[in-house]
Amino acid sequence: MRRALLILAGLLAFVAIAAVIVYVAFTGPGEIPPASRDLANLSAEERAEMAQAGEYVARTGDCVACHKSPDGLSLAGGTPMETPFGTIFGSNITPSRDHGIAGYSADDLYRVMVYGIAPGGTHLYPAMPYTSYHAISRADNDALWVWLMAQEPVERPNRPAELIFPFNLRPLLGFWNLVYRPDPPDQPVAGVTAPQEDQVARGRYLVEVLGHCSECHTPRNLAYARKPDAHLQGNVIEDALAPDITPAGLARRGWNTQDLERFLGQGLSPQGVMTFRMFPVLSHSTKYMTPEDIAAVAAYLMQDAPAPTPPEPRPEAIAGNAEGHALYLGLCAGCHGADGEGQPYGSVPMRTNTSAMFDDPLNLVRIIREGIPARHLTGYQRMQEMPAFVDRLSDGELTALVNYLRQRWGGHEQALSADEVTQTPG
């Protein structure tokens, strides 16, 4: 018996040691390329130049959207990010000694961005999109570091993640990384701080790396890793649909390159206005991008796209859904027009609005229920408030209106049941 116990203890010790070896050898940070320049001996002019470039990296990387605090202190952390396993809060990335990143070197920031590992070996949850940032150029990383260190420190404590067991055990992230974390590219890449003659290649970097679009727009598996065979094919995240943005998916909903550029740069196009988590993307990121980079993003997303094939309006829905038509005329037509034509900078047209086209009615139902606040888009452009109708529509009326919009302008023939509409989150 004693011998059996000793053998079992030895096996357990071997497994534990092997696990530690695997954890350290395969999930720790890999090679760190040398800094793009001598960061310790920058002149004031060079530092200012790099800080300006770093601000653009932060904008294209949409750092503020996740790291802004609820009280409006930019980069001080606290923004909640809902996951199926609980809530993760954006961290303080100001140069605060006690709560932020004042002790980070540029190499430390690179490890965080590429490997998701903070100083001291702490593994970050992949809500920090290091699985996209893994291909950031060293020059972009260094410029970002210079800019971050030039920000005003904010003494705001970080809020711990609120996750259910066992997802609150950070060491498990090492094994997640072993399976799902991509390796950085073998060859240096041209980031946004470097010129790039190939428009599509620059767009790819902006979309796939800094913009980390696939983090929201790609479905995830049971381990909450992105499905590589469904890249950019749409995903429900935080009770909203991040739609299919593949070339074919965009074309099916009537997008062309010009409309996509307008939507990304101004937040508004014939297809609709930015809502839910996309509006902060406009507010903190895309409206600050150069027209050339907006064009590069659109060129990448629309490359090899077929001709736009939006659904044709179906006037027969008027007679086929008389209740929905009456509700539309009474509640919606005053702003959106009797024939769905909309009003410039007042309300979006329904004829080309993509919310009614999605197979999943989630966004359409939530917009009708919750409304949309008045939007300050770009420059002097505004979009008026859409009121919430949650207290004005019965379940049957909501179902009739949703079906009317989907059938008249969304290209759908099959009506949704009341359960399919009313059980939508929101």
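The values are calculated or read from the model by the stated rules, or taken from the named source; none is laboratory data. Since the model is a prediction, treat every value here as computed from it, not as a measurement. Please note: Cβ atoms are built from the backbone with ideal geometry, for glycine as well, and neighbour counts cover all protein chains shown. Just the protein is used for accessible areas: all its heavy atoms, side chains included, with ligands, DNA and RNA removed. Shrake-Rupley method; radii C 1.70, N 1.55, O 1.52, S 1.80 Å.
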Scan region 276-291 and give yes if some residue there is more than 20 Å from G203 (Cβ to Cβ), touching a Pro at 6+ places or on another chain (Cβ under 7 Å) and not in a helix (DSSP H, G or I), otherwise no. no
Region 397-410, subset in contact (Cβ under 8 Å) with a residue 60 or more places away in the chain and either among the basic types (K, R) or surrounded by fewer than 18 Cβ atoms within 10 Å (Cβ to Cβ) (or both), residue nearest to R366 (Cα to Cα): E397
Is there any pair linking a residue in region 28-51 that is touching a residue at least 40 places away in the same chain (Cβ under 8 Å) to one that is of a type in the set (A, V, I, L, M) and assigned to a loop (DSSP other than H, G, I, E, B), with Cβ under 9 Å and at least six apart or on different chains, and which? R47/A150; M50/L42; A51/A150
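Got a sec? Which of A48, A65 is within 29 Å of E292 (Cα to Cα), of a type in the set (A, V, I, L, M, F, W, C) and either in a loop (DSSP other than H, G, I, E, B) or in contact with a helix residue (DSSP H, G or I) (Cβ under 6 Å, 6 or more places away or on another chain) (or both)? Walk me through how you get there before you give the answer.
Values: A48 fails: either in a loop (DSSP other than H, G, I, E, B) or in contact with a helix residue (DSSP H, G or I) (Cβ under 6 Å, 6 or more places away or on another chain) (or both).
Only one candidate qualifies: A65.
A quick yes/no check of all residues on (1) modelled with pLDDT of 95 or more; (2) assigned to a loop (DSSP other than H, G, I, E, B):
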position	(1), (2)
G10	no, no
V22	no, no
F26	no, no
R37	no, yes
Q52	yes, no
E55	yes, no
Result of the Cβ filter at 7 Å on region 158-180, keeping first residues that are closer than 18 Å to V112 by Cα and partners that are part of a helix (DSSP H, G or I) and small (G, A, S), at least 6 apart or interchain, is none
Condition check for A326: crowded, with 20+ Cβ neighbours inside 10 Å, more than 23 Å from L241 (Cβ to Cβ) and of a type outside the set (K, R): no
Could you list, in sequence order, all residues of region 366-383 that are within 21 Å of the chain's Cα centre (by Cα) and either open to solvent by less than 60 Å² (accessible area, probe 1.4 Å) or closer than 19 Å to M289 by Cα (or both)? R366, I367, I372, R375, H376, L377, T378
Where in region 161-228 are the helices (runs of 4 or more DSSP H), entirely inside, with at least 2 residues that are closer than 24 Å to M81 by Cα and open to solvent by 30 Å² or more (accessible area, probe 1.4 Å)? 172-180
Working carefully through the options G30, G86, find the one that is at pLDDT below 95 and either touching a strand residue (DSSP E or B) at 6+ places or on another chain (Cβ under 7 Å) or among the charged types (D, E, K, R) (or both). G86
Restricting attention to region 229-244, the residues that are in contact (Cβ under 8 Å) with a residue 40 or more places away in the chain and either acidic (D, E) or open to solvent by 20 Å² or more (accessible area, probe 1.4 Å) (or both) number exactly 6
Pairs please, first residue from region 297-311 and touching a residue at least 12 places away in the same chain (Cβ under 8 Å) and of a type in the set (S, T, Y), second anywhere and part of a loop (DSSP other than H, G, I, E, B) and surrounded by 14 or more Cβ atoms within 10 Å (Cβ to Cβ), Cβ atoms under 9 Å, 6+ apart in sequence or on different chains. T309/R253; T309/G254
